[in-house]
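Please read the structure below before turning to the comments.
Values quoted throughout were computed directly from the atomic coordinates according to the rules given, and no laboratory measurement underlies them. Given the structure is predicted, the values throughout are model-derived calculations rather than measurements. Here the Cβ is made from the backbone with ideal geometry for all residues, glycine too, and neighbour counts use every protein chain on show.
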Amino acid sequence: MRTLYISLISEYYKSRKTLAFWAAILLPVIICGLITFGFYNGRTEIIAAHNPPLMLWGKYSGAALGVMGLLIMPFYVIFMAFSVNNIEHKNDTWKMLFAQPLNKFAIYAAKYLYAVFLIFLCLFLFATLTFAFAHLLQLLVPEYNFNQYNPLDILINSYAKLFLSSLGILSIQFILSLLWGDFLKPMGIGFVGTIMGIIGANVGWKYAYLIPYSLPSLALRITKVKKSGNPLDIPVFTQEIWTSLIYAAILFIIGYFIVTKKSIK
C-alpha cells in the first residue's frame, strides 16, 4: 500500500501541470457555466413554458449529461489516458520507472488509478456544479422553480453510471497509449471506436453494448421500470455497466503484462 501511495503522489506531481489534469477541472466549469448562461439569457422563454420542477431540472442537467455521454466523455478519456502515459514516453523513463525499488504492480496500478481519479474528479465536478449553478440561477431568477425539487439522487446515479461506463474505454486507451508513444495511433483508433459506438447506440443495434465506446451513451438512456417501481429510480448496475467493468478488469491485467515487458527493453 505504501508503494501504491508513493506512486500515486508521484503521478500527481508529474501531471499537475498537464492539460489532462486541468481539463478535468475546466471542462465542468466551462460547460456548466455555458449552460447556466444559456438558461439565464433565455429565462423569458423558459419561464413562459411553465415547466414543472422535475422537467426543468431534466432540461438543465440533461444538457450537460447529453454532451458528456455522447461525445466529450469518450474523447476526454482517450486524451487523458494518452497524457498519463505520455509523460514516460516523452522522457523515455519507462526503464528508470521500473528500476526503482518499488513494487512493479503498484507502480502500474497507480498510473491506472490516477487516470480513474481524473475521470472521477471531472464527473464529480459536473454533478456538483450542475446542482450549485442551478441554485445560483434560482437566486438570480426567482421565477425559476429549481428549489421545489431535489435532484441529488438522479444526478448521483446518472454520473455514477457515466463514470463506470467510461472505464471500458479507459482500459482500451490505456493499453494503446502503453503500446504507442505517438498521439495519432491511440487517438485514431479511439476516434473510429467512438464513431462506431455512437452509430451502434443510436441505431439501436442489440449488440451495441459490446462496443466499449458506445457504453456512455447507452448508460444514460432511460431504462424501463417495473410496474410497481418508481419511474424516477435510475438503476446503476445495468448491462452496459457490467460490460464496462468486465472490459476494465480483463484489460487492466493485460496492460500490466504489456508494461512490464516494455520496462526491460
So how tilted is helix 104-140 from the main axis of the chain? Cα-based, degrees 0 to 90, rounded to 10. 20 degrees
Can you list the HN-Hα couplings for segment 152-162, worked out from phi with the Karplus curve (6.51, -1.76, 1.60; θ = phi - 60°), rounded to whole Hz and with x for Gly and Pro? 4, 4, 5, 4, 4, 5, 5, 6, 5, 5, 5
Protection-proxy order for peptides 119-129, 186-196, each taking the mean of Cβ atoms within 10 Å per residue, highest first: 119-129, 186-196
Electrostatic dipole magnitude of the chain [Cβ: Lys, Arg +1; Asp, Glu -1; Cα centre; debye, to 20]: 720 debye
Show me, for segment 49-64, the HN-Hα J-couplings you get by feeding each phi into the Karplus relation (A = 6.51, B = -1.76, C = 1.60, θ = phi - 60°), rounded to Hz, glycine and proline as x. 6, 6, 5, x, x, 4, 5, 5, 4, x, 5, 5, 6, x, 4, 6
P(r) histogram, all alpha-carbon pairs of the chain included - 10 Å bins from 0, percent: 7, 28, 31, 21, 10, 3, 0
Cα-Cα longer than 18 Å, checked against 111/261; 17/185; 104/261, kept in input order, equals 17/185
Between residue 22 and residue 206, with labels modelled 7 Å along Cα→Cβ, what's the label distance in nm to one decimal, could you check? 4.9 nm
For segment 109-260, report the convex hull volume of the alpha-carbon atoms normalised per residue, in Å³, without decimals. 147 Å³
Quick one: length gained pulling residue 71 to residue 260 fully straight, 0.36 nm per residue minus the C-alpha distance? 64.8 nm
